[in-house]
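Scroll down for the structure; my scribbles are underneath it.
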Amino acid sequence: MPRLPQVTGPDLVRALRKVGFVVTRQRGSHVQVRREAADSTVTTFPIPVHAGKSLKKGTLRGILRKAGLTVEDLIDLL
């Protein structure tokens, strides 16, 4: 399994948009993204977008888990 890349919040939002996530709102330094699947299930979670800071490993892994993506998928999207 490849190493987890250093990713900033805006870069992650851009990558998630490529797989169908939509930014629903932003409050402060957190962006809420959402995706509706074919079976009508909705996935919604926040992404911190602090200026110039990379996401911590645990935060990034949690977001990937909620999005249903692997590290390889993320690397391909970046």
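Read the figures in this text as sums done on the coordinates, not as results from a lab. Given the structure is predicted, the values throughout are model-derived calculations rather than measurements.
Some values worked out for this structure:
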quantity: Amide H partners (placed H, <5 Å) of Val49, local residues excluded; calculated: His30, Val31
quantity: For region 1-63: relative contact order, % (alpha-carbon pairs under 8 angstrom, 6 or more apart); calculated: 34
quantity: Alpha carbon convex hull of region 1-43, volume per residue in cubic angstrom; calculated: 97
quantity: Table column - 3J(HN,Hα) (Hz), region 6-20, Karplus curve with 6.51, -1.76, 1.60, x for Gly and Pro; calculated: 7, 10, 8, x, x, 5, 5, 4, 4, 5, 5, 4, 5, 9, x
quantity: Compactness index (Cα Rg / 2.2 N^0.38 Å), the chain; calculated: 1.04
